[in-house]
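Worksheet: the structure to be examined is printed underneath.
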Amino acid sequence: MKNKIKNLPATMKENGYISGSKKWLEGKSIYEFWLRQWHGVDPQTGDGLYVADVSKYNQGNIGTGDGNITQSQFDEYKKTVVTIDGKELTNSYTYAKYDFSGSSIPDVYGGFNVRVSYKNFDLAAVFSYQLGGQILDTNYATMMSMTEFGYAQSPDLLKAWKQAGDITEVPRIDNSAAHTTNIGQSYSTRWLTSSDYLNLRSVTIGYQLPKTWLSKVMLKSARLNLTAENLFMLKARQGLNPMANYSGVTYNEYMPSRNITLGLNVSF
């Protein structure tokens, strides 16, 4: 589903309009993510690192005009800077670079079915799928947080950085205001996840009872069938529901319920 913003009010033409995790800009899609750029975990300190917004936080931008920063702001920024492989990074979400980061709209989605039969048995299955989109998993971000107590937490916290040299995608467990495990923010590419999935929506196994059996009980036909719905879904993360909505942001959605039905159809 392709879409493009053709025209915005005059006050929004230059800088666009930020709506949650999206930025509306002429020529862009309304479903493109606008997020802070996550880099990874510093293997020496366990800090979560972001790509620094060097276009804003640099000495050449110190001044008093619109879009400029003060010397004090620059000094505070420099305290957060970490350079790895020649790349300027920051351990503060505040100074992270914003950028367009993919779309919540899939490249392709649809479904297909399979039907096979052998003698008196038959099998029918219906699948749905989606490929190419992204989803901002804010539910997962909440479960990776160390700022609240009494909430469910992800077992991925066990992968957190513990000592210098650890290579992991989970920062150190630290409840300080600056470096909580989820860095206290969900609008970054750290939580951007593939929304690809393959879902077995339903599968039915049937058996047509032989007429030689039915003649003894005065039935013309009888068919047993066992139907199961939502048996499994292949996806990026357990608990994630990539089918929830086109906005590409998770909420507290329930996964489709799994149902199993046994049936008998007869005719006299």
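The values are calculated or read from the model by the stated rules, or taken from the named source; none is laboratory data. Small disclaimer: the values here were computed from a predicted structure and weren't measured. Because the Cβ atoms are built from the backbone with ideal geometry, glycine has one as well, and the counts that use them run over all protein chains shown.
General remarks:
- Pair list, Cβ < 7 Å and 6+ apart or interchain, from the range 72-83 residues that are within 14 Å of Lys56 (Cβ to Cβ) to residues that are assigned to a helix (DSSP H, G or I) and of a type outside the set (A, V, I, L, M): Phe74/Gln59; Tyr77/Tyr95; Thr80/Tyr95
- For Phe127, the conditions (1) within 30 Å of Gly20 (Cβ to Cβ); (2) under 24 Å from the mean Cα position of the chain (by Cα) all hold with the exception of (1).
- Exactly one residue among Thr168, Thr212, Thr227 is outside any loop (DSSP other than H, G, I, E, B), among the hydroxyl-bearing types (Ser, Thr, Tyr) and either in contact with an Asp or Glu (Cβ under 7 Å, 6 or more places away or on another chain) or at pLDDT 90 or above (or both), and that residue is Thr227.
- The residues on offer are Asn225, Asn265, and the sole one that is in contact (Cβ under 8 Å) with a residue 24 or more places away in the chain and touching a Gly at 6+ places or on another chain (Cβ under 6 Å) is Asn225.
- For the range 246-263, the tally of residues that are of a type in the set (A, V, I, L, M, F, W, C) and modelled with pLDDT under 90 stands at 2.
- Strands (runs of 3 or more DSSP E) wholly inside the range 1-82 that include at least 1 residues being surrounded by fewer than 19 Cβ atoms within 10 Å (Cβ to Cβ) and over 25 Å from the mean Cα position of the chain (by Cα): none
- Among the conditions (1) over 20 Å from Arg190 (Cβ atoms); (2) modelled with pLDDT of 90 or more, the only one that Val41 does not satisfy is (1).
- Scanning the range 93-129 for residues that are surrounded by fewer than 14 Cβ atoms within 10 Å (Cβ to Cβ) and in a strand (DSSP E or B) returns Val108, Gly110, Gly111, Phe112, Asn113, Val114, Arg115, Val116, Ser117, Tyr118, Phe121, Leu123.
- Among the criteria (1) of a type outside the set (A, V, I, L, M, F, W, C); (2) within 13 Å of the chain's Cα centre (by Cα); (3) more than 20 Å from Ser128 (Cα to Cα); (4) in a loop (DSSP other than H, G, I, E, B), the one Gln185 does not fulfil is (2).
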